[in-house]
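J.: If you scroll down you'll find the structure; I have some questions about it.
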Amino acid sequence: MNSSPLEIGLFASSGLLLFLYSVNRLALALRQVAGPRVQDILHRFTRSVPLAILTGTVVTTLLDSSSVVIILAIALVSAGALPFRNSLGVVLGANIGTTISSQLFAFDLGQYAAVAMLPGLLLLSLSKKRGGRTAGRALFCFGLLFFSLFLLGEAAAPLKDYPGVQAWLLQLETPLRGAGAGALLTLLIQSSSATLGMAIKLADKGLLTLPAGIAVMLGAELGTCSDTLLATLGRGRPALKTGLFHLFFNVLSIALGLLLIGPFTALVLHLADGTHVARQLAHAHVLFNVGGVLLFAPLLPLCQRLLDAWLPDEGLPAAGARPQVA
């Protein structure tokens, strides 16, 4: 069936709006289910770098949002409930936890969305307890998330018939163009998960190659820094240093990824040989983020000292500064 550009655009917009709605409502419902326990976990289980990374990974997996976890860490640092040095491991762990979403997106679960949506709707409608309704909302939004991705994939399928669209998508294989597109899209819709979900669905329909998908993924990693930086406004220097570390970590790892995108793509193809491009892109997301964490984890003490020297806490002298003698 031939579809007009307007029909494709409306269909895709509907899927994207549903996706953004389900992501936001799912994150909200999961935060309500977890409640203050999340903050208690971040406070108690971040005393060492490996434990902080593991905690950030697990909490991000449960809340399905790295931005939410990093913003929670920033808020705790600002309140003095979480030392700045402990938050660095949480940031690294959040980058690993967010890769679970890409693995789920690579599965074609949209046709089974009703399996989660129906019981979720029943719980939401019939439960008399707030906890039951919140759990129902989370389950319903989880199913809606995959149904919206299914709609995005179906909307993208007719684009194969438009040579202009194919030519533009092929241009994204240029690393800087692909990364720029991923960063811009993430800034506009404020969701790196949505950007990566769309890239995976385009790859699933044969519209996006693996090199282009990896470039878009790298850009999405940069675009996701915007909301965490905004969360540091007015929160003091320790919180600002956490947000800046997230930015610097992403910028340096993305720059390294762009420089080595050729060998990295070859490595993904070697490790995921025989799988579909969508699955290869999901594996690339995991490999890139885990590799970045393994690279930066030993450098956390150095990063802490550099940020403390650059932005000493209010009332404290900068590192190496001599006290004034009256």
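J.: Which one of Leu145, Leu185, Leu233 has the biggest mean-square fluctuation once the chain is modelled by GNM with Cα springs under 10 Å?
T.: Answer for the Gaussian network model of the chain: Leu233.
J.: Over all directions, what mean area does the Cα convex hull of the chain project, stated in square nanometres?
T.: Averaged projected area of the chain's Cα convex hull equals 19.4 nm².
J.: So what is the 222 nm mean residue ellipticity for the chain from helices alone, if each DSSP H run of at least 4 adds -39500 (n - 2.57) and you divide by all residues, rounding to the nearest 500 deg cm²/dmol?
T.: So the calculated ellipticity at 222 nm is -25000 deg cm²/dmol.
J.: Once the cut-off is 17 Å, how many percent of the Cα-Cα pairs in the range 174-226 end up in the long-distance tail?
T.: Summing the P(r) tail past 17 Å for the range 174-226 gives 23 percent.
J.: When the accessible area of the range 24-169 is split by element with a 1.4 Å probe, what percent falls to carbon and sulfur?
T.: 66
J.: Taking each pair of distinct Cα atoms in the range 124-262 once, what is the resulting Kirkwood hydrodynamic radius in Å?
T.: This gives a value of 17.0 Å.
J.: Check the straight Cα-Cα distances from Lys160 and name the lysines below 25 Å, setting aside those fewer than 8 residues away within the same chain.
T.: Answer for Lys160, where 25 Å is the Cα cut-off: Lys201, Lys205, listed by chain and number.
J.: Enumerate the calculated ³J(HN,Hα) couplings along the range 255-264 in order (Karplus 6.51 cos²θ - 1.76 cosθ + 1.60, θ = phi - 60°), each rounded to whole Hz, writing x wherever the residue is Gly or Pro.
T.: 3J(HN,Hα) across the range 255-264, in whole Hz: 4, 5, x, 5, 5, 10, 5, x, x, 5.
J.: What dipole magnitude, in Debye to the nearest 20, does the range 7-310 give about its Cα centre under +1 on Lys/Arg Cβ and -1 on Asp/Glu Cβ?
T.: In debye, rounded to 20, the range 7-310 gives about 1200.
J.: Could you give the longest part of the chain that holds none of the trypsin sites (Lys or Arg not before Pro) found in DSSP loops with at most 15 neighbouring Cβ atoms within 10 Å?
T.: After excluding every exposed loop site, the longest remaining stretch is 130-326.
J.: Using θ = phi - 60° and the Karplus form 6.51 cos²θ - 1.76 cosθ + 1.60, what ³J(HN,Hα) does each residue of the range 168-184 get, whole Hz, x for Gly and Pro?
T.: Here the 3J(HN,Hα) series is 5, 5, 5, 5, 5, 5, 5, x, 5, 5, x, 5, x, 5, x, 5, 5 Hz.
J.: May I ask you to evaluate 6.51 cos²θ - 1.76 cosθ + 1.60, the Karplus curve with θ = phi - 60°, for each residue of the range 272-285 and list the ³J(HN,Hα) values in order in whole Hz, giving x for glycine and proline?
T.: Here the 3J(HN,Hα) series is 10, 4, x, 9, 6, 4, 4, 5, 4, 5, 4, 5, 4, 4 Hz.
The values are calculated or read from the model by the stated rules, or taken from the named source; none is laboratory data. All of these numbers come straight from a predicted model, not from anything done at the bench. Heads up, the Cβs are rebuilt from the backbone with ideal geometry, glycines too, and the neighbour counts pull from every protein chain shown. Heads up: the accessible areas ignore ligands, DNA and RNA and are worked out on the full protein's heavy atoms, side chains in. Shrake-Rupley method; radii C 1.70, N 1.55, O 1.52, S 1.80 Å.
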